[in-house]
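Participant: Here you go, one structure.
The values are calculated or read from the model by the stated rules, or taken from the named source; none is laboratory data. Values in this document were obtained by computation on a predicted structure and should not be read as measured data. Here the Cβ is made from the backbone with ideal geometry for all residues, glycine too, and neighbour counts use every protein chain on show. Please note that ligands, DNA and RNA were not included when accessible areas were found on the heavy atoms of the full protein model with its side chains. Shrake-Rupley method; radii C 1.70, N 1.55, O 1.52, S 1.80 Å.
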Amino acid sequence: MDKDLTIDILSSVQKPARYTGGEFGSIVKPAAETEVTIALAFPDVYEVGMSYLGFKILYHLLNKEQGVAAERVYAPWVDMEAKMRERGIPLRTLETDKALSECDFVGFTLQYELSYTNILNMLDLGGVPLMSADRGEDDPFVIVGGPCVYNPEPLADFFDFAIIGEGEEIMVELMDCYKAWKKAGKPGGRQGFLQEAVKLPGIYVPSFYAAEYNEDFTVAAVRPLADNVPATVQKRVVKDLNTVDFPTAPIVPFGEIVHDRIMLEVFRGCSRGCRFCHAGMVYRPVRERKPEVLKELARKLVDNTGYNEISLVSLSTADYSCLAPLIHDLIREFKEDKVSVSLPSLRIDSFSVDIAKEVQAVRKSGLTFAPEAGSQKMRDIINKGVTEDDLMNAVGAAFASGWSSVKLYFMIGLPGETDEDVLAIADLAKKVQYKYYEVAGKRGAKVTVSASSFVPKPYTAFQWFGQNDLETLRRKQFLLKDALKVKNITFQYHDAKTGIIEAVFARGDRRLGKALLLAWQKGARFDGWSDCFSFERWQEAMAEAGLDIDFYAARERGMEEVFPWEHIQPAVDRRFLRREWEKARAQQLTHDCRRGSCTGCGVCQKLGVDIIDWGRGEA
Amino acid sequence: MKLRMQITKEKDIRFISHLEYIRTIERSIRRARIPAAYSEGFNPHMKFSLASALGVGVVSYTEFVEIELSEPMEVQAAAAALSKALPRGIKVLAADAVDTHHAALMAQAAGASYRVTVPYTGEVAAAVEAFNAAEQLLFKKAAPKRKEKFKEIDVKFYISQLASHRQDGEVIFTFDCKITPGGSMKAVDLLNALNEHYALQLPVEKADIERLSLYRLDKKGQKCSMLTADAVHM
């Protein structure tokens, strides 16, 4: 435990156990056995960061390596930050109390654009120079990875290099590379190591590239500065998940975290092709784990953690080819252990409701469906592939099985959306209520409608789309709120302002680094938490940096425009995305390639990988 | 059959809350594969309990967990299994087994001994003497969940005698605090009461509070161990 965090400090902050570590399963390597220390840094509070599966995987995998100590660090909440700054206490890892400045690597995961100011804040608290150009020989390498790494450009000034794609293999290669460099006496210093690291496929060193801009402010090119630097960095992908290690003894925290249960990853990738979905593009292709492998992992996880719930996680678990038999087997296997099985999301069909019936037993806690849009036109535009009948059948099945409350997720501000389309959300919610009356013969179904504001993301069919401006989004929220003033319908939505800053950074370029720094200097942190977010602060920072919010968020991008992120490659073909964008405008659907023909996104061919789906009879 | 174990909450994890401590014990019991009994119904609960609640930040060397078993298990083996399944900051010190219908430990606890260390260079001997001689010492303790924000208690009812000694710029208080079916008082409130009545300036927020033991009283009113005489010590 960090000796500087004295009794009076820890007794004055909320949830002090966030800062003291010592959890079951945490790994403290003795200094004598440590050649490399990497801090896995999550730019949000402990409860959020501890729920992130990616770091559970890397923590386990890296600590298995001889000489490597993977440790954890989270963003201190504002109360603790104030104490640390007041007393000059640096941000340290939970395992061995190393200040971030004393680590060899500080690796941040980029989960969400609004956590970027926390990265700056954590580096500052950890005693690490913010700008990569200012770091000296004794400073750690600041590295980034995770879903937002497919456009890391707004952070290009701050990190030394990025890991593009899945980390299981590359992270171990990177540690080996570092150990060898260190053993050789660190030839060439920091630059020398970067020159070595860039030889590994999947490593992106932003300082090895220069961005050029057009007169209209758009990007002309991002070019490598030397011949030995790849023009584009392609993502790393694990060919077969059955062959890589999955953590079977994860840390079990003392307190309640956001996902406080066993997370068993059944497959990676999703090929449904929803046009708004970033994860559905960048994690391709679909690769399932074998049911036998999953059952074995589940047994170990239950024995090692003591958790009483297994969540079968993936981007769309109902699509797992062997889901029904897997769930039967797991329920039977763990009945004696009082372990239940759960799914993070449901597909809109009666199969999913049947599964839900089984996993939830008699706990009627309410079911959640995501039609995403209210009208058929909009669902076709986003390629959701779901009809109103599908939804009515699913909720009908749920009501017939005894559920009386459902939650429906929607987005507003999608391309091609009119006020009628927004109001269709309200109509749909009311039809769901009426369905309950039809099925149950009485009134009173509780329907919760949650509508988030759409944020266009890079490497999706909607990457060209100009986001609805603040006034438009607010008007649509108001329309919907008005239309949903109905008994037993609850309407939830967020302030649209956060979505606008998210959109700026999602599709931003290197010039945004200046605004990010200014916003942080003005006090921005925990921007994803509405009580900490200030739109005015961001407006000021953008203006001072000479940047225009609308240019990044609201501007529809030219069909031929070069995007700031195209040198980072998840291997989804631009022509495919463009075709999808055109089909969206024509309200045409594209089928799922998982069990059908190839739809031409280019990922399998470019990466030399295949879809692995056990229902398809193919490996 | 009911297993009872004396466990600790050590310095490194002193800041986990009572609820977090309970959850941790429950998961450790599951990891240890101790055959705990569960309640009936759709949402079965493990039948186990802790002998007393400990405040956040308080270290303890004598917490007690009682686990109702669905099938018998040897005490030594259960204690060894739980030891392995606990996080670093919790250790098993002793264990015994009693009949399922044996009175709960929580009901038997009569008092707890504490050691409280505070950085303080001022004089405390006179205050301790006056405290020990006092018949009564009324103190308004914070009661945030009640309508009236304070509840007046007689500190002397809970703590009759207090000892202190000085060491390296710190004052160390030791005392026993009574536990009744109606509750007990927090060690930290003793310091607050001393500050209030005897004009001391003990830095309460820096107090290092350790619960040294939890005990019951025998028929003669003598302190005795919570566990039975044939308890296994680890």
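Participant: Return the residue satisfying two criteria in turn: it lies in the stretch A:51-77 and is among the aromatic types (Phe, Trp, Tyr) and in contact with a strand residue (DSSP E or B) (Cβ under 8 Å, 6 or more places away or on another chain), and of such residues it is most open to solvent (accessible area, probe 1.4 Å).
Facilitator: This residue is A:Tyr52.
Participant: Here's a follow-up. Residue by residue through the stretch B:154-188, note down the ones that are more than 14 Å from chain A (Cβ to nearest Cβ) and assigned to a helix (DSSP H, G or I).
Facilitator: B:Val155, B:Lys156, B:Phe157, B:Tyr158
Participant: Looking at the stretch B:163-171, can you tell me whether even one residue there is within 16 Å of B:Gln136 (Cα to Cα), open to solvent by 20 Å² or more (accessible area, probe 1.4 Å) and in the same structural domain as B:Ala133 (by TED's automatic domain parsing)?
Facilitator: No.
Participant: Those residues that are under 30 Å from A:Glu212 (Cα atoms), in a loop (DSSP other than H, G, I, E, B) and open to solvent by 20 Å² or more (accessible area, probe 1.4 Å), I need them from the stretch A:563-601; list them, please.
Facilitator: The answer is A:Glu566, A:Asp573.
Participant: Among the helices (runs of 4 or more DSSP H) contained in the stretch A:323-408, which hold 1 or more residues that are touching a Phe, Trp or Tyr at 6+ places or on another chain (Cβ under 6 Å) and more than 15 Å from A:Ile425 (Cα to Cα)?
Facilitator: By residue number, A:388-400.
Participant: Has the stretch A:436-447 got at least one residue that is among the β-branched types (Val, Ile, Thr) and touching a helix residue (DSSP H, G or I) at 6+ places or on another chain (Cβ under 6 Å)?
Facilitator: For the stretch A:436-447, residues among the β-branched types (Val, Ile, Thr) and touching a helix residue (DSSP H, G or I) at 6+ places or on another chain (Cβ under 6 Å): present.
Participant: What number of residues within the stretch A:1-57 are touching a Cys at 6+ places or on another chain (Cβ under 7 Å) and within 14 Å of another protein chain (Cβ to nearest Cβ)?
Facilitator: Adding up the residues that qualify gives 0.
Participant: Do we find that A:Thr243 is without any contact (Cβ under 8 Å) to a residue 40 or more places away in the chain, open to solvent by 10 Å² or more (accessible area, probe 1.4 Å), closer than 30 Å to A:Arg299 by Cα and of a type in the set (S, T, N, Q) in this structure?
Facilitator: yes
Participant: For the stretch A:35-47, which residues satisfy the criterion of being within 23 Å of A:Thr248 (Cβ to Cβ) and either aliphatic (A, V, I, L, M) or out of contact with any helix residue (DSSP H, G or I) (no Cβ under 7 Å at 6 or more places or on another chain) (or both)?
Facilitator: A:Ile38, A:Leu40, A:Glu47
Participant: Of the numbered conditions (1) over 30 Å from B:Gln76 (Cβ atoms); (2) away from every other protein chain (no Cβ under 14 Å); (3) surrounded by fewer than 19 Cβ atoms within 10 Å (Cβ to Cβ), B:Lys219 satisfies every one except a single condition; which is it?
Facilitator: Among (1) over 30 Å from B:Gln76 (Cβ atoms); (2) away from every other protein chain (no Cβ under 14 Å); (3) surrounded by fewer than 19 Cβ atoms within 10 Å (Cβ to Cβ), the lone unmet condition for B:Lys219 is (1).
Participant: Related question: For the stretch A:526-555, which residues satisfy the criterion of being at positive phi and either of a type in the set (A, V, I, L, M, F, W, C) or in contact (Cβ under 8 Å) with a residue 40 or more places away in the chain (or both)?
Facilitator: Within the stretch A:526-555, just A:Phe526 meets the criteria.
Participant: Pick from A:Ser311, A:Ser321: which is of a type in the set (Ser, Thr, Tyr), over 24 Å from A:Pro253 (Cα atoms) and in contact with a strand residue (DSSP E or B) (Cβ under 6 Å, 6 or more places away or on another chain)?
Facilitator: Being of a type in the set (Ser, Thr, Tyr), over 24 Å from A:Pro253 (Cα atoms) and in contact with a strand residue (DSSP E or B) (Cβ under 6 Å, 6 or more places away or on another chain) holds for just one of A:Ser311, A:Ser321, which is A:Ser321.
Participant: Name the one entry in A:Ala220, A:Ala211, A:Ala279 that is open to solvent by 10 Å² or more (accessible area, probe 1.4 Å), outside the structural domain of A:Thr20 (by TED's automatic domain parsing) and aliphatic (A, V, I, L, M).
Facilitator: Answer to the check: A:Ala279.
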